[in-house]
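Below is one structure, written out as structure tokens, with a few remarks after it.
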Protein chains: 14
Amino acid sequence: MAIEGADIIKAAGLLGAGLSMGLGAIGPGVGEGMAAAKACEAIGRNPKEAGLLTRTMLVGQAVSESTGIYSLVIALLLLFVV
Amino acid sequence: MAIEGADIIKAAGLLGAGLSMGLGAIGPGVGEGMAAAKACEAIGRNPKEAGLLTRTMLVGQAVSESTGIYSLVIALLLLFVV
Amino acid sequence: MAIEGADIIKAAGLLGAGLSMGLGAIGPGVGEGMAAAKACEAIGRNPKEAGLLTRTMLVGQAVSESTGIYSLVIALLLLFVV
Amino acid sequence: MAIEGADIIKAAGLLGAGLSMGLGAIGPGVGEGMAAAKACEAIGRNPKEAGLLTRTMLVGQAVSESTGIYSLVIALLLLFVV
Amino acid sequence: MAIEGADIIKAAGLLGAGLSMGLGAIGPGVGEGMAAAKACEAIGRNPKEAGLLTRTMLVGQAVSESTGIYSLVIALLLLFVV
Amino acid sequence: MAIEGADIIKAAGLLGAGLSMGLGAIGPGVGEGMAAAKACEAIGRNPKEAGLLTRTMLVGQAVSESTGIYSLVIALLLLFVV
Amino acid sequence: MAIEGADIIKAAGLLGAGLSMGLGAIGPGVGEGMAAAKACEAIGRNPKEAGLLTRTMLVGQAVSESTGIYSLVIALLLLFVV
Amino acid sequence: MAIEGADIIKAAGLLGAGLSMGLGAIGPGVGEGMAAAKACEAIGRNPKEAGLLTRTMLVGQAVSESTGIYSLVIALLLLFVV
Amino acid sequence: MAIEGADIIKAAGLLGAGLSMGLGAIGPGVGEGMAAAKACEAIGRNPKEAGLLTRTMLVGQAVSESTGIYSLVIALLLLFVV
Amino acid sequence: MAIEGADIIKAAGLLGAGLSMGLGAIGPGVGEGMAAAKACEAIGRNPKEAGLLTRTMLVGQAVSESTGIYSLVIALLLLFVV
Amino acid sequence: MAIEGADIIKAAGLLGAGLSMGLGAIGPGVGEGMAAAKACEAIGRNPKEAGLLTRTMLVGQAVSESTGIYSLVIALLLLFVV
Amino acid sequence: MAIEGADIIKAAGLLGAGLSMGLGAIGPGVGEGMAAAKACEAIGRNPKEAGLLTRTMLVGQAVSESTGIYSLVIALLLLFVV
Amino acid sequence: MAIEGADIIKAAGLLGAGLSMGLGAIGPGVGEGMAAAKACEAIGRNPKEAGLLTRTMLVGQAVSESTGIYSLVIALLLLFVV
Amino acid sequence: MAIEGADIIKAAGLLGAGLSMGLGAIGPGVGEGMAAAKACEAIGRNPKEAGLLTRTMLVGQAVSESTGIYSLVIALLLLFVV
């Protein structure tokens, strides 16, 4: 066996990257889906405001997306930088 | 036994890829389904706006899909690049 | 015992493939079911728009299916390519 | 003890097959049940459209079934091909 | 200790069979129950369509049952073929 | 220590039998309870159709029971045949 | 240490018995409670049909109980026969 | 160390007894509470039928209790007989 | 190290006692709370029947409490008798 | 290393005490909160019966509290008596 | 290595203290929040009874708090007395 | 290796501190959010009572906060005193 | 291998920090989102009170945020002070 | 094997970083999605107040985002500083 300490570190980093992105995609995925669902409902009732509602939905989703992007950043850092 | 450190790293990467994509598909799958469900409901009530609602649904789903795609990217990186 | 490092990698890949597809089927399965449920409800109320609603349901499900297909791709890659 | 590396790989494959099919049956099972439930409700209200609703239900369930079939495919591959 | 590799494979297969059938019975069991519940509700409101509703319920449940049967198939394969 | 490989296989089979039946009883138990609940509700509203509703409930429960019976079969096979 | 293989088998059987009965009591317990709850609600609204409703509740619960009894059977087999 | 095989069996039996009773108390506890909740609600609306409703509640709870009693029986068998 | 088999048995018994009482308190705690909540709601609507409702609530809670008491009995047996 | 069997027993007892009280506080905490919530709602509608409702809430909570107290008793026994 | 049995006991006690308080804070935290939410709703509807409702909320929360305090007591005992 | 018993104790304490605060923040965080949500809803309906409602919300949240603070205290004790 | 006790302590501290902040962000994140959701709903109904409602939302969120901040504090202490 | 203590620390830090960001993204992602969903609903009803509602949504989301940012900070500290 020729396992060095650096190998253990790398292996932990790869496992951590998978967990970070896998778990981190649950929240934004569900949350943005709820926003899209309600936006469709609202446009169906009030189609004259479709532009306004689409913009609001996208702004709200963009903020919710942020934690998913943080997870991506951490996963990429765990893969390439560390 | 001839297990090298590089083998441990690779094994951790493959396990991490499976967890990243498996967990990362739960959120967008449920969220996009909610969006599609509400879009059908809205079109059933207001079929004149079907084009507008389909477009809104697709835009909302596209944003929600993004975390699923991040998970795919991380899984592919864990498989081939690292 | 004659366990090589390549065996450990392969074993981790097979376990990862099972987890990726197993977990990755939960989200789309539930989400697409919700879309189908609401589409049936909407058609029951407004059967004149059945074609439009079926098309919307299928488009929405197709997007939701995508994360399930990503999981399949990752599982197949873990099985055959790596 | 005469455990070869190929045995470890096979054992991991069998465990992975069980997890893939077991977890992968949860999502479609629940989702298709929701579609069937709503279809019954809609037919009860509007029995004249029973054929249309049954068709819509089956189309929606077929898409939802797909991830269950992917899980079956991965499990069979883990059992016989790998 | 006289544990051969074939014993490890068999043990993993038996455990995998238990997990596959145990987990795989949750989804269809709940989903079919929801379909039966809504069918009873619909027949209570509209008993004239009982035959139509029972047929729809059974068709919907049959599709939902499929993932349970896949789990059974995988479990039997894990028990007897592998 | 005189642990043979056949003992490991048997132990895994017994544990698998317990998990298969224990997990496999959750889904049908909850699903059939939902069917019984809705049947009581429907009979309370429309007692003239009690025979029809009881029959529908029993048919729906019988299908839902099937995955529970599959779990029982797998558990018995794990106990006595393997 | 004088641990025989038969001891490992017996220990796994006892643990499996506990898990089978413990997990297997969750589903029927909750499901039968839902049936009893709805039966009380229905009798409160329509007390003239109390006998009919009690009979329906008991029939529905009896079917739901079956998976609990399967769990008991498997647990007893794990305790005494195996 | 003087650990005999019989000690391992006994320890597994005690742990299994705790899990069987602990998990097995969740389902009936919640289910019977739902029955009691709905019975109170129904009596509040229709106090003339209090005797009938209390009897129905108790019958329904008694059936739901059965899986809890099975768990107790298995736990006692694991403690004293095995 | 002077660990006897009897120590392992005792340790497993203590851990099992904690799990039995800890898990076994979840179900009755939630269920009895639901009964108390609905009883308060019913008394608020129909305060003339407060005595009857309090009695019904207590009877329903007493049955629900039973599984909690079984857990206590098993925990005490695991502590003192075994 | 000078670890005696009595140390293992004590350690298992302390861990069991933490689990017993930690898990055992979830159920009563949630259940009593539901009772308090509904009592406030009922008093807001019918403030003349505040004394009666407070008494009912306290009686219902006291029964729900009992499983929390059992958990406390088992935890204290695990700490000091065993 | 100079690990004494007393160290194992102490370590188990500290871990148990963390679990006891961490898990034990979930139930009361959620339950008391529900009570506060309903109290605000009731005061918004009936502000003349604010004093009465605040008092009821506090009494109900105090009982719900009790299991949180039991968890604190057990955690402190695990830290300092044992 | 120069691992002393005191190191094991300290490590268990640090892990316990993380679990205590991490788990202990879930309950109050959700519960206080529910209180704030209902307070906003109530003020939106009855803005004249904003002061009264804000005070009630804060009092209710303060009680709910208490278990979070207990968790903080236990975590700090695990970090610095033990 | 040159692993000192201080290394084990540090590693446990880093893992504890990750768990403390990761778990501790779930509760406040969900709770504050509920508060923001209801505040938007209330402002949409009663836009004249937007200032009052925004202030109430922020006060309620600030209290809910507190447990998130406690988690941050514990995580920072685990990283730098201990 | 040449594993130093510093390697264990680093590996624990990387795993902790993945868990911190992965778990920490669930809460804010779901919570902000709820806020965005309700904001769309409110704007659909009252489009004249779109600016006010978008501002409120963003303020509420910003506070909810804070725990996600704390998780990011802790993960970055675990990656680069420690």
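The values are calculated or read from the model by the stated rules, or taken from the named source; none is laboratory data. Quantities reported herein were computed from a predicted structural model and do not represent experimental measurements. Counting neighbours? That spans all protein chains shown, and the Cβs are built from the backbone with ideal geometry, glycine included. Calculation scope for accessible area: heavy atoms of the full protein, side chains included, ligands and nucleic acids excluded. Shrake-Rupley method; radii C 1.70, N 1.55, O 1.52, S 1.80 Å.
Structural remarks
- All C-alpha to C-alpha distances of chain D, sorted into 10 Å bins beginning at zero, yield P(r) values of 18, 31, 21, 15, 9, 4, 1 percent in whole numbers.
- Under 5 Å between amide hydrogens, built in the peptide plane, is the criterion, and for M:GLU4 it picks out N:GLY5 among residues at least 5 positions away or on other chains.
- Ranking H:ALA36, A:LEU58, I:LEU53 by Cα position along the charge dipole of the protein assembly as shown, where only Lys, Arg, Asp and Glu carry charges on their C-beta atoms, puts I:LEU53 farthest toward the positive end.
- Violating pairs (Cα-Cα greater than 25 angstrom) within the set F:LYS38/N:LYS38; A:LYS38/D:LYS38; B:LYS10/D:LYS10; B:LYS38/E:LYS38; A:LYS10/E:LYS10; A:LYS48/L:LYS48: F:LYS38/N:LYS38; A:LYS10/E:LYS10; A:LYS48/L:LYS48
- Take each residue in N:45-56, count the other chain C-beta atoms within 10 Å of its C-beta, and the mean is 6.
- Accessible surface, per residue, of the protein assembly as shown when the full set of protein chains is kept, probe 1.4 Å, Å²: 29 Å²
- Shape category assigned to the protein assembly as shown from the gyration tensor of Cα positions, a/c cut at 1.5: rounded
- Using only side-chain charges placed at the Cβ, +1 for Lys and Arg and -1 for Asp and Glu, the dipole size of region N:1-51 relative to its Cα centre rounds to 280 debye.
- Long-range amide H partners of K:ASN46 with built H, under 5 Å: none
- Listed residues L:ALA39, L:ALA62, L:ALA12, most fluctuating in chain L (Gaussian network, C-alpha, under 10 Å): L:ALA12
- Using a 1.4 angstrom probe on protein heavy atoms only, the contact between K and L buries about 3600 square angstrom of accessible area, both sides summed.
- Structural descriptor for chain N: relative contact order 51 percent, calculated from alpha carbon pairs under 8 angstrom and at least 6 residues apart.
- The accessible surface of the protein assembly as shown, taken with every protein chain in place and a 1.4 Å probe, is 71 percent carbon and sulfur.
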